[in-house]
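Engineer: Take this structure first; my questions come after.
Here, each number is a calculation from the coordinates, and none is a lab measurement. Here the structure is a predicted model, which means the values were calculated and not measured. Here the Cβ is made from the backbone with ideal geometry for all residues, glycine too, and neighbour counts use every protein chain on show.
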Amino acid sequence: MIFLNFKTYQSGTGQNALLIAKMAEDVSNESGVGIFLLVQSTDIKDVATTTNLEVWSQKIDPISFGAHTGGILPEAVKEDGAVGTSLNHSENRVDDFESLTKAHERAREVGLKTLIFAKDIEELEKVSILNPDYLSYEPPGLIGNKNISVATAKPNIISRAVVISKKAGTPLIVGAGVHSKDDVKKCIELGATGIAVASDVMMSDSPREELLELTKGFA
């Protein structure tokens, strides 16, 4: 499986987000690889009505209905069509474990699946006790790297992450610098269930070809 993070790239915003979603669905159908879309909260409703792929919010806040100006309400993204939400991405980390726990609980309360990111093994082990639907190991220093991927730079740590995820009974998603089918193949061989990718596809001159190439790593 592939979690495709639209971030706030121009290619993944507004009408462009719809084009990427349709493209990803075509690639998923052609390759047989499940692709999950992490989109901006403002685009969830439009994307969800455009594709049959699972649409996930990039985040939610640990809030309920009330006076929380600017907050991302779990009920709102769920109503707009989100199936799940990621939490604690390195570019939008939760301030403390208590807040992360509350955000996870709020997501579960409204029926959202969860993908929790961790920057290192220690954090991965800590967040694994929350029993999210997916765990993700993504070392921040390699995010967006076009030359070095987590698969080539930190294979031993991926192996350790797999041990943690298996102990928790939670599938592991690996990301950071993944940019080739060989990177994907290595992650899967080490025991990961899938990958998380963003700039490699979203910033590509040929996003369809790039995403299709990544799916070949699952063969």
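Engineer: Segment 91-200: which trypsin sites (Lys or Arg not before Pro) are DSSP loop and have at most 16 other beta-carbon atoms within 10 angstrom? Show your work: numbers first, answer last.
Structural biologist: Working: sites: Arg93, Lys102, Arg106, Arg108, Lys113, Lys119, Lys126, Lys146, Arg160, Lys166, Lys167, Lys181, Lys185, Lys186; in loops: Arg93, Lys119, Lys146.
Loop-located and lightly packed - Arg93, Lys146.
Engineer: Considering the Cα positions of segment 22-125, please state its Rg to one decimal place and its Dmax as a whole number of Å.
Structural biologist: 14.4, 45
Engineer: Multiply the residue separation of Arg160 and Asn92 by 0.36 nm, subtract the distance between their alpha-carbon atoms, and state the gained length in nm to one decimal. Numbers along the way, then the final one.
Structural biologist: Details: separation 68, 0.36 × 68 = 24.48 nm, distance 2.44 nm.
Roughly 22.0 nm would be gained on extension.
Engineer: Express in whole angstrom the spacing between the alpha-carbon centres of segment 101-121 and segment 3-64.
Structural biologist: Centre-to-centre (Cα) distance: 18 Å.
Engineer: Return the lysines within reach of Lys186: Cα separation strictly under 16 angstrom, same-chain partners fewer than 8 residues apart disregarded; answer none if there are no such residues.
Structural biologist: Candidates past the 8-residue exclusion: Lys154, Lys216.
Engineer: How big is D, in µm² s⁻¹, for segment 1-71 by Stokes-Einstein at 4 °C and 1.567 mPa s if Rh is the Kirkwood radius over C-alpha pairs? Write down the numbers at each step before the final one.
Structural biologist: Details: Rh = 12.8 Å.
The estimated diffusion coefficient comes to 102 µm²/s.
Engineer: Let me spell out the model: positive unit charges on the Cβ of Lys and Arg, negative unit charges on the Cβ of Asp and Glu, origin at the Cα centre of the chain. What dipole size does that give, in debye rounded to 20? Intermediate results must be reported in sequence, preceding the final value.
Structural biologist: On the way: 22 positive and 30 negative charges, 91 e Å.
For the chain, the charge dipole is close to 440 debye.
Engineer: Then there is this: Estimate the FRET efficiency between Glu25 and Glu79 by the formula 1/(1 + (r/R0)^6), using the beta-carbon distance for r and 25 Å for R0, to the nearest 0.05.
Structural biologist: Details: r = 22 Å, r/R0 = 0.88.
Step by step, r from the Cβ atoms, then E = 0.70.
Engineer: Let me test this: with uniform point scatterers at the alpha carbons of segment 36-79, what is the Debye-based log₁₀ I(q)/I(0) at q = 0.16, 0.18, 0.28, 0.31 1/Å?
Structural biologist: Calculated log10 I(q)/I(0) at the listed q: -0.41, -0.51, -1.00, -1.14.
Engineer: For an R0 of 41 angstrom, estimate the FRET efficiency from the Cβ-Cβ distance between Thr193 and Ala67 and round to the nearest 0.05. It would help to have the intermediate numbers written out before the result.
Structural biologist: Numbers: r = 39 Å, r/R0 = 0.96.
About 0.55, to the nearest 0.05.
Engineer: Give me the aspartates and glutamates in straight-line cross-link reach of Lys181: C-alpha distance below 19 Å, same-chain residues under 8 apart excluded.
Structural biologist: Glu25, Asp26, Glu30, Glu138, Glu189, Asp200, Asp205, Glu209, Glu210, Glu213
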